[in-house]
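Novice: Handing you a structure now.
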Amino acid sequence: MRIPYTRLRESLMARYPSGQTPGGVSVEAIAQLQVQSTYTTHLDIAREMATVMRADMAAYDADTSRFTQSLGCWSGFHAQQMVKSVKRMRGTAQGTYVYLSGWMVAGLRNRFGHLPDQSMHEKTAVADLIEEIYVSLRQADEVALNDLFKVLTAAREAGDEAAEQEAIAAIDGFESHVVPIIADIDAGFGNEHATYLLAKELIRAGACCLQIENQVSDAKQCGHQDGKVTVPREDFIEKLRACRLAFEELGVEDGVIVARTDSLGAGLTQKVPVSAAPGDLAADYNKWLKTEPVTDAAPLAEGEMALWHDGALRRPERLPNGLFRFQEGSGRARVIEDCIASLNQGGADLLWIETDTPNVDEIASMVEEIRAAAPGAKLAYNNSPSFNWTLNLRRQVREQWLAEGRIEEGDYPEGGALMKADYDETELGREADARLRAFQTDIAARAGVFHNLITLPTFHLTAKSVDELSRGYFGEDKMLAYVATVQREEIRRGVSAVKHQHEVGSDLGDSFKEMVGGARALKAGGAANTMNQFAAE
């Protein structure tokens, strides 16, 4: 917690009654810098943000309308601008998190190039990005607080005591841009010990929440691609425990673990675990393997293996690469068992069920079964750009209206044609959009979703925005393209980055120069600074 400015100043005046250090540094300058340095270390951030997340989870339990949200960010600047936008709109960033996507680290922060989400990026890149995000968010604090101190100084110089007290209240009541990060640790980048070592680095960088998935580390795939291979539940539980030990060792007692299951779309496993008793974790995992009976007509061949299951010897289907198949259609049941084991035996705090379509009813039905064995289960849900949201929601509306007799089969097309802009302003198109607007609220209320995130929005936004600007700038509009699509909108929306020199700390530099040089300070923010053109905006 930040010490209030007045208390800091009083403490400093007790040390330096003259108002200056022996070297001539003013107490006011020291107090300002101490206030602006909102956190001592990023481990302090992890501890405080874990407490914030726990409080948010309790608030959600009491009122499901108080779910939290995040956008996936692949740079500190993206995260900074997201938080600033939310604060500008709501007056607070409470309930806003940053999601750190392993997909975007692999695709955009990778020394080896733009690569798919298959754990082919450096382990350290994830920790580095967490560090970068918190450096950016803390700098946003410094810039904003420096502006408030300039107001305080102006009030004192004018002898306006009321304005001075108002400025002090604004400084003491300042809400940091620092928010919780949910950090994707993929499948742990190795065994349970490798998971623990990496988890510690992410936590030291500031992560209060780790999200880990039940795929095999060396065969990891994006959650929305084929070829996913899961690990036995006891293996995954050991990785959950590794994350918990990392939190506890570093004193982040409220650290949050999100256990993700990819079983809904994963049809393969690498290992057949050893079962010690009927109904144990291994037996429950193995029962879903695709097998065929061993008979006199189909005996075991050299090198084959068999399981004793339901009173018979059965041969698991094994692929040439040594992987084993699960029974078709068993994904949903495996998801439910995964989630129960992760909560009750792995100590996970939140669940993540990777789905192939955004369907509130489907997710709610799974959560209902999970809660029968693990009351109070809560989810983080991936509102993924891998879904064609428009097409999925329009299809759901069409199917429902057909079942209810509201429309006839030929009123709307069945396939991809339903995506066309022709249907944007139809009754069905408007209903689908209304459901999109309500999707997160519905899934929070009906399916136990505490946190709604979008994994890759800034990837797609950057691609779209650069395409939009490039088309105009290199096309017919030239400078109008930049002014109309970027600068004019920044000014009218109050986006602080329009004053780009100020955004990256030029005023901070001026303030510091004054602190150490007084009248000798060579400042950048004088009359010739072109940022003054935006002063009235």
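Novice: If the cut-off is 20 Å between C-alpha atoms, which aspartates and glutamates fall inside it for LYS478, apart from same-chain ones fewer than 8 positions away?
Specialist: Those aspartates and glutamates meeting the cut-off are ASP467, GLU468, GLU489, GLU490.
Novice: Just grab the label-to-label distance for VAL274 and THR41, each label 7 Å out from Cα along the Cβ direction, in nm (one decimal).
Specialist: Calculated label separation equals 4.1 nm.
Novice: How high is the relative contact order of the chain, given as a whole-number percent (alpha carbon pairs under 8 Å, six or more residues apart)?
Specialist: 15
Novice: Still on this structure, please answer the following. If I take R0 = 35 Å and measure r between the Cβ atoms of GLN501 and GLU476 in this structure, what FRET efficiency does the formula 1/(1 + (r/R0)^6) give, to the nearest 0.05? It would help to have the intermediate numbers written out before the result.
Specialist: Values: r = 31 Å, r/R0 = 0.88.
In this case the efficiency is close to 0.70.
Novice: Starting from a Cα-only point model with no solvent, please compute log10 I(q)/I(0) by Debye for the chain at q = 0.05, 0.06, 0.07, 0.11 1/Å.
Specialist: Rounded to two decimals, the profile gives -0.27, -0.38, -0.51, -1.08.
Novice: Sorted by average packing, counted as other Cβ atoms within 10 angstrom per residue and highest first, what order do 253-260, 194-201, 277-284 take?
Specialist: Ranking, from highest mean packing down: 253-260, 194-201, 277-284.
Novice: Taking a ≥ b ≥ c as the square roots of the Cα gyration tensor eigenvalues, with a/c under 1.5 meaning rounded and otherwise prolate when a/b beats b/c, else oblate, which class fits segment 237-276? Kindly include the intermediate steps, with their values, before the conclusion.
Specialist: Details: a/c = 4.21, a/b = 1.92, b/c = 2.19.
Here segment 237-276 falls in the oblate category.
Novice: In addition: With 10 Å bins from zero, work out the P(r) of segment 43-151 over every alpha carbon pair and list the percent per bin.
Specialist: Going out from 0 Å in 10 Å bins, segment 43-151 shows 13, 36, 33, 16, 2, 0 percent.
Novice: Here's another thing I want to ask about it. Quick check on packing: order 156-162, 57-63, 296-302 by the mean number of other C-beta atoms within 10 Å, highest mean leading. Before the final figure, lay out each step's value.
Specialist: On the way: 156-162: 10.3, 57-63: 13.7, 296-302: 7.7.
Highest mean packing first, the order is 57-63, 156-162, 296-302.
Novice: Which angle from 0 to 90°, rounded to the nearest 10, does the C-alpha axis of helix 233-249 make with the longest principal axis of the chain?
Specialist: 20
Novice: Using a Förster distance of 45 angstrom, determine the FRET efficiency expected from the C-beta separation of GLU489 and GLU514, and round it to 0.05.
Specialist: Efficiency, rounded to the nearest 0.05: 0.85.
Novice: Measuring from label point to label point, each 7 Å out along Cα→Cβ, what is the GLU10 to GLU175 span in nm?
Specialist: Result: 2.7 nm between the two label points.
Novice: Next question. How much of the calculated P(r) for segment 363-517 lies past 17 Å, in percent of all Cα pairs? Don't skip to the end; give the middle numbers.
Specialist: On the way: 9253 of 11935 pairs.
That tail contains 78 percent of the Cα-Cα pairs.
Novice: What FRET efficiency would be calculated for the residue pair THR295, GLU368, taking the C-beta separation as r and a Förster radius of 56 Å, to the nearest 0.05?
Specialist: E between THR295 and GLU368, to the nearest 0.05, is 0.90.
Novice: Continuing with this model, one more query. Give, in nm to one decimal, the length gained when the segment between ASP422 and GLN94 is fully stretched (0.36 nm per residue of separation minus the Cα-Cα distance).
Specialist: So the chain would gain 114.2 nm between ASP422 and GLN94.
Novice: Counting other Cβ atoms within 10 Å of each Cβ, which GluC sites (Glu not before Pro) in segment 373-478 have at most 11 and sit in a DSSP loop?
Specialist: GLU408, GLU409, GLU425, GLU476
Novice: Next question. How much length is gained on full extension from ASN110 to THR357, taking 0.36 nm per residue of separation minus their Cα-Cα distance? Write out the running numbers ahead of the final one.
Specialist: Working: separation 247, 0.36 × 247 = 88.92 nm, distance 2.87 nm.
Length gained, ASN110 through THR357: 86.0 nm.
Read-outs throughout are calculated quantities, based only on the coordinates presented, and are distinct from any laboratory measurement. These numbers were taken from a predicted model, which means no experiment stands behind them. Here the Cβ is made from the backbone with ideal geometry for all residues, glycine too, and neighbour counts use every protein chain on show.
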